[in-house]
Amino acid sequence: MANGRDWRSLAWWIHDNLPHCGLYFFPKLAAFNIHWYELDKEKTIHSYIKPKGCLTKSGMDNYGGDHSKWYDGFPILKVS
């Protein structure tokens, strides 16, 4: 992120806490897009920021599991 944390911190936080089917991260202005569909689809994370390419998708070793080390200190999501 611009003058901040690694973009993968936000990517993993969204992946672990919000329903989405695709995340795309861009190098300018800390921009990113979130794709969401009503139907369940596999989650993917792609980036045009180094390291470029696919961070995760279904079938990759890092797809599931605990990613919280990436976003330590982020706010806890409270659902009302």
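Where a number appears in this text, it was derived from the coordinates with a stated rule and is not lab data. Remember, it's a predicted structure, so these values are computed and weren't measured experimentally. Cβ atoms come from the backbone with ideal geometry, glycine included; neighbour counts cover every protein chain shown.
Things to note:
- Of the residues making up segment 19-44, just one is farther than 22 Å from VAL79 by Cβ and either touching a Lys or Arg at 6+ places or on another chain (Cβ under 6 Å) or among the β-branched types (Val, Ile, Thr) (or both), namely THR44.
- Qualifying residue in segment 40-54 (condition: under 12 Å from the mean Cα position of the chain (by Cα) and β-branched (Val, Ile, Thr)): yes
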